[in-house]
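See structure below.
The values are calculated or read from the model by the stated rules, or taken from the named source; none is laboratory data. As the structure is a prediction and not an experimental result, all values here were calculated from the model. We place every Cβ from the backbone using ideal geometry, glycine too, and count neighbours over all the protein chains shown. In case anyone asks, the SASA skips ligands and DNA or RNA and just uses the protein heavy atoms, side chains included. Shrake-Rupley method; radii C 1.70, N 1.55, O 1.52, S 1.80 Å.
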Amino acid sequence: MTGEILTLQVGQCGNQVGGRFWSQLCSEHGILSDGTACADYNDIIKNDRPDVFFQRNPNNRFTPRAILIDLEPRVINSITSGENQRLYNSKNIFVSQDGGGAANQWVEGYLNGKRNFEAVSDMIDKELDSCDNLEGFQLVHSVAGGTGSGFGSLLLEKLSDRYGKKLIQSYSIFGASEVVVQPYNTVLTLRRLIQNSDANIVFDNASLNSIAVDNLKVESPSYNEMNRLISTVMSASSNTLRFPSYSHNSMTSIMSALIPTPDLHFITPSYTPFTSDYVSHAAKEIHRSTAYDVILELLDKKLKMCSREDKHDTVLAMLDIIIRPNTRIDSKQNSDVQKAMMKARSRVNFAPWTPSSIHIAMGQRSSFSELEKNQEKEIVSGLMLSNSCSIINILESATRDYDRLMSKNAFLNNYLKSDYEHECGDIMQEFQESREIVDALLKEYRSSETLAYMEDVDENDIEVLPDDIDVEMK
């Protein structure tokens, strides 16, 4: 059984996505926008564990286990003055006193994080006092701008140092900014994602935009539509934690299924189909959606929310979370799932040294879902989390853009004129080391595509899994 999870949402993107995430979780657990339970809360049969993500008082008032961080107040003010204004703990909100932001510069976000970490640390410690058994942290941020990348990087370092025995997972959005120094911000942040986190679920804006256009039929997607896609993944990936089943009901069990060695911990999500209880622009009426259909459809590269290119498609590990109606699976459904898994496994290009297993966990749709209340029993959705070498495409793109700027020493003035050297060290050495660390990860993923990878990996770093289909049923 999982312990509590503390969410840190950092910067404009992180807080906008976080706001959507908490709205989604509230709807799934029968929580109103002010944190109180809905009118029929005590009349509905529930098997959920909202306490993983919420504090709850004796009167069934819920407060997210979340800390909101930004260096300018606009987005956080919109969250705390909107429909969810009474939901959050006002003591868990940090906004820089000068409100000037990080000017889209990693270095400014990082230095602000360094200077203000004690204030944030106090919030974290007070939040941990309310936890019986904290399992880990999840960071929600963009790697492209200033606050999400810089302040987020500082948080990853500090969390890794102070709470080394707790898991650290991130939801990291690439390409969420058009600023010219985005390549610098991305590579500097990647260093911390590589060194200071245990798992990173990765999105890129180009893929999200394509899904919004192709699947949701939105002609000109806004960040709001793309944030809904991300929050859908966040909700689905935590489904078996909040609606516990017999396996994959903790962060630890999910990570152990997806991460074969500590260095290879970047995860690509896919989701289908989008329904009205997740996304308001659900593409069209769903005529058929069974676990069999969903398992096979999830293999469609057009559904990947990061790096949809065909090259480097070698898969190291894969987990499907099937979110089904709140009913038990009968023998026919079990047989259909087994058949789908057999077909799916034959279509996946697994690395030659892996067990070639597809893990599957059967989640449950919330009793408060409108689909459940309307007894639309045939609708099933699914999330695929894939640890694959397709992440190479994102890493190569980031380093290529970085090298193009650095070869001309372009746009470095704000980094060189910052107080980084006085407070932290040589900024150019920071650039060089970050670039080398990203390059080392690229080489690691490229090497993992071959059987020879096993010759370079300590056998103690690999969790040996059975060479079969891992299916959990309830």
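Taking a Cβ cut-off of under 14 Å around N185, the surrounding Lys, Arg, Asp and Glu residues balance to a net charge of -1, with basic ones at +1 and acidic ones at -1. The range 90-169 and the range 1-54 have Cα centres lying 21 Å from one another.
Using a Cα-Cα cut-off of under 23 Å, which lysines could be cross-linked to K408, ignoring same-chain neighbours fewer than 8 residues away? Within reach: K417. Cross-link pairs exceeding 19 Å between alpha carbons, from the set K301/K343; K91/K126; K46/K126; K302/K339: K46/K126; K302/K339. Couplings for the range 162-177, taken from phi via the Karplus curve 6.51 cos²θ - 1.76 cosθ + 1.60 with θ = phi - 60°, read 7, 10, x, 8, 9, 6, 10, 10, 10, 10, 10, 9, 9, x, 8, 9 Hz in order; Gly and Pro are left as x. Taking a sphere under 10 Å around the Cβ of S386 and counting the other residues whose Cβ falls inside, with K and R at +1 and D and E at -1, yields a net charge of -1.
Per residue, the range 4-393 exposes an accessible area of 37 Å² to a 1.4 Å probe, with every protein chain left in place. Multiplying the residue separation of Q97 and S33 by 0.36 nm and removing their Cα-Cα distance gives an extension gain of 20.3 nm. Please name whichever of S197, L216, F411 sits farthest to the positive end of the charge dipole of the chain, dipole taken about the Cα centre and charges placed at Cβ: Lys and Arg +1, Asp and Glu -1. Farthest towards the positive end: L216.
By the gyration tensor of its Cα atoms, with a ≥ b ≥ c the square roots of the eigenvalues, what is the shape of the range 89-222: rounded for a/c under 1.5, prolate for a/b over b/c, or oblate? It is prolate, given that a/c is not under 1.5 and a/b is the larger ratio.
Based on the mean of other Cβ atoms within 10 Å per residue, sort peptides 289-301, 170-182, 33-45 so the most packed one is first.
Highest to lowest by the protection proxy: 170-182, 289-301, 33-45.
Give, as a single signed number, the net charge of other residues whose beta carbon lies under 15 Å from the beta carbon of V52, with Lys and Arg counted +1 and Asp and Glu -1. It works out to a net charge of -1. For the listed peptides 134-143, 423-432, a ranking on the average number of other beta carbons within 10 Å per residue, highest first, reads 134-143, 423-432.
Pop out the carbon and sulfur fraction of the accessible area of the chain as a percent, whole number, probe 1.4 Å.
44 percent
Over the chain, the fraction of Cα-Cα pairs per 20 Å bin, rounded to whole percents and listed from the shortest bin up, is 25, 59, 16, 0. Using the Cβ-Cβ distance between A452 and M428 with R0 set to 41 Å, the FRET efficiency from 1/(1 + (r/R0)^6) comes to roughly 0.70. Annotation for the range 96-205: trypsin sites (Lys or Arg not before Pro) lying in DSSP loop with at most 10 further Cβ atoms inside 10 Å of their Cβ are K165.
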